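Down below is the structure, laid out as structure tokens.
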């Protein structure tokens, strides 16, 4: 009966996550990840051939999706992320069982992970959040088994190669194991650290190929550009202490907050166990990385969640008063409110399939206009052949003073104040539009640049305008 119950819960979770991939509203963030994956599938390298504002692993991992599902990359990446979210839940369940949680508690903790706002937000979009979360959860599963610290380190290093914020939990795990007088535990820490370095090799290799653009795009940009942008739009307040309240709010929409309280209450009793201490360190490191970001965004909390719910399974294994069980249930219900809104809005049409229709309409119109070449656009998730200079979507384009004219030319970047290469190497077409999540002023600026280069609007499709010019 227990195996059957577990199988049914996992089947329901898989269906739930796949449904989220269909109903989750489109995010402007998806533009850069879809475009980067399409360019990587052509053999282009991040930093050298196109701008990429993260560490570089994901475009290579997801590149086969472009080969297998050409023309449907956005949907394919969303479904892949839903499946990776499911894998994360499976590894959390397995790690919880390995550290001593009961089957019922391990299943409950893993299932509740899928009701946390940060987790469910990331599970439904084509971003780079879930691949590193799955890699981290795999590493936690290995650590919970008490062996394979080298391979666990590789998993954490690969997670950091997909998203730099996962380097912080990896560092905390290493320090938690190394900062001890136990010689055997120190050896395990060194094995883990060696594995992390091995997992970072994809990042180190690409950084060696294009060191200056790598530093500017993956490290300097996240540190400087949000401050510039939020100050420019009059929301500098989001960069200050209020971000900690937003972090707390994100944790409270779903059971992450109550899980953190329960784990913190019991942490002293667990710190003597090296395995539980390592998992606790990963959770604290994930929370620390979330607090470092300015401004805070929902997805920044995700690195803390897999280790947190592995440990929460131990709290759920213990007897507890009825009121506390009720409190857990209330937080779970709170976490279900945002996706319930997505399902209600999806009654008018599934956002993922609507994006597929818009993309197909735009591609057909480009063919009718005999566009045969790269397309400059801020909505790269809709265009099959994106001009590599626009790979970073609106995020790099909207900056001012971030790169010099020489850097823009060398790094193959176009921003609103560095557009000289558009005239030197005109794209086959420029596509602007009414994409709901993009900033209208940026679309207007791109349209103005199109006019200045003698492009004219020739067709409309899927809510977008296609600009072309005579050779």
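What follows draws every value from the coordinates through simple rules; no lab data is involved. Please read all numbers here as calculations on a predicted model, not as lab measurements. Heads up, the Cβs are rebuilt from the backbone with ideal geometry, glycines too, and the neighbour counts pull from every protein chain shown.
For the reader, a short list of remarks on this structure follows.
- Note on residue 470 and residue 291: the extension gain reaches 59.3 nm, defined as 0.36 nm multiplied by sequence separation minus the Cα-Cα distance.
- Beta bridges from DSSP with both residues in the chain: antiparallel share about 65 percent, rounded to the nearest 5.
- If the segment from residue 197 to residue 68 were pulled out straight at 0.36 nm per residue, it would be longer than the present Cα-Cα gap by 43.3 nm.
- At q = 0.19, 0.20, 0.23, 0.26 Å⁻¹ the log10 of I(q)/I(0) for segment 144-211 amounts to -0.68, -0.74, -0.90, -1.06, computed by Debye summation with a single uniform scatterer per C-alpha, solvent ignored.
- Cβ-Cβ FRET estimate between residue 327 and residue 444, R0 fixed at 41 Å, reported to 0.05: 0.25
- When the alpha carbon gyration tensor of segment 85-213 is reduced to an equivalent ellipsoid, its three semi-axes come out at 25, 22, 10 angstrom, largest first.
- Helix 2-23 vs. the chain, principal-axis angle (Cα, 0 to 90°, nearest 10): 20
- Ranking of 244, 10, 309, 174 by count of other Cβ atoms within 10 Å, fewest first: 244, 10, 174, 309
- Acute angle (nearest 10 degrees) that the helix 30-41 long axis makes with the longest principal axis of the chain, alpha-carbon atoms: 80
- Pairs of Cα atoms nearer than 8 Å and 6+ residues apart set the relative contact order; for segment 207-301 it is 38 percent.
- Kirkwood-based Rg to Rh ratio, segment 269-358, C-alpha trace: 1.12
- Of the three principal axes defined by the Cα atoms of segment 301-428, the extents in descending order read 70, 38, 21 Å.
- Counting all C-alpha pairs of segment 177-240, share separated by more than 15 Å (%): 69
- Where N is the number of residues in segment 46-156, Cα Rg divided by 2.2 N^0.38 Å: 1.19
- The alpha carbons of segment 201-352 stretch over 56, 49, 32 Å along the principal axes, in descending order.
- Mean Cα-pair separation over length for segment 351-468, i.e. relative contact order, pairs under 8 Å, 6 or more apart, %: 28
- Look at the alpha carbon pairs under 8 Å that are at least 6 residues apart: their mean separation over the length of the chain gives a relative contact order of 21 percent.
- Stokes-Einstein D (µm²/s) once Rh is taken as the Kirkwood radius of the chain over alpha-carbon pairs, at 25 °C in 0.890 mPa s: 106
- 77, 198 arranged by Cβ crowding within 10 Å, fewest neighbours leading: 198, 77
- Length released on extending from residue 320 to residue 347, taking residue separation times 0.36 nm less the Cα-Cα span: 5.7 nm
- Reported to the nearest whole Å, the Cα centre-to-centre distance from segment 379-426 to segment 191-232 is 19.
- Ordered by the number of other Cβ atoms lying within 10 Å of each residue's own Cβ, fewest first, 213, 161, 267 fall into the sequence 267, 213, 161.
- Pairs of alpha carbons in segment 1-66 whose separation is greater than 21 Å (percent): 47
- Helix axis angle, 103-113 relative to the chain longest principal axis, alpha carbon, degrees: 30
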